[in-house]
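Have a look at the structure below, then the notes.
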Amino acid sequence: MTIHDKIADFLKAGPFAVVGASTQRDKYGNKVLRCYLQHGLDVHCVHPKETTIEGLTCAPSLTALAARVPGGIRGLSIITPPPVTEIIVEEAAKLGIRRLWMQPGAESPAALARADELGLDVVAGGPCLLVALGFRDI
């Protein structure tokens, strides 16, 4: 499967979540969240301290978010430092989240290897969501 096929599969349906969402509009965690919103996609955000970002209620953890999204999260965008990404991979697998998009800079060899061991579908090493969907920074 090519990277473009993986991206198409990832984007087929939500709901989606952004781990590493940020209140700072110049940060990629905020831009990725806004990109989902600009395209009218069902998206949720995870931040350990913030309660709202871009008008969305944040969950403090992926586990807390999964508990309040009926049917669960289908696709997870990760914009975190690689050591945190490695933890998120484990948490996502436990929650049954099978599709991960490690945005550039979030991936690590350990996170990729573990996701592969767990049988997760991963987009990594390619374009970020902003490029794939054509983000307009407004």
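For the stretch 1-26, give me the residue count where each residue is aliphatic (A, V, I, L, M), crowded, with 17+ Cβ neighbours inside 10 Å and in contact (Cβ under 8 Å) with a residue 60 or more places away in the chain.
Number satisfying all stated conditions: 5.
Can you go through THR23, THR2 and tell me which one is of a type in the set (Ser, Thr, Tyr) and either at pLDDT below 95 or in contact with a Cys (Cβ under 6 Å, 6 or more places away or on another chain) (or both)?
Result of the check over THR23, THR2: THR2.
Quick check on GLU90: is it of a type in the set (Asp, Glu), at negative phi and over 13 Å from the mean Cα position of the chain (by Cα)?
Yes.
Being crowded, with 16+ Cβ neighbours inside 10 Å and over 13 Å from the mean Cα position of the chain (by Cα) is the filter; apply it to the stretch 93-109 and report the residue that is nearest to PRO48 (Cα to Cα).
Only one residue fits best here, namely LEU95.
Kindly indicate whether LEU65 is part of a strand (DSSP E or B), at pLDDT 95 or above, surrounded by 16 or more Cβ atoms within 10 Å (Cβ to Cβ) and of a type in the set (A, V, I, L, M).
When the stated conditions are applied, LEU65 does not pass them.
Could you list, in sequence order, all residues of the stretch 115-135 that are surrounded by 14 or more Cβ atoms within 10 Å (Cβ to Cβ), assigned to a helix (DSSP H, G or I) and at pLDDT 95 or above?
Residue satisfying the conditions is ALA115 alone.
Test each condition in (1) within 15 Å of the chain's Cα centre (by Cα); (2) assigned to a loop (DSSP other than H, G, I, E, B) for LEU112 and report the one that comes out false.
Among (1) within 15 Å of the chain's Cα centre (by Cα); (2) assigned to a loop (DSSP other than H, G, I, E, B), the lone unmet condition for LEU112 is (2).
Is it the case that CYS45 is of a type outside the set (A, V, I, L, M), in a strand (DSSP E or B), over 15 Å from ALA132 (Cα atoms) and over 12 Å from the mean Cα position of the chain (by Cα)?
No; evaluated as a whole, the condition is false for this residue.
Check GLY29, GLY40 and return the single one that is touching a residue at least 12 places away in the same chain (Cβ under 8 Å) and outside any strand (DSSP E or B).
Answer to the check: GLY29.
The values are calculated or read from the model by the stated rules, or taken from the named source; none is laboratory data. Note that the coordinates shown come from a computational prediction; the quantities given were computed from them, not determined experimentally. When we count neighbours, we look across all protein chains shown, and the Cβ atoms used for this are built from the backbone with ideal geometry, even at glycine.
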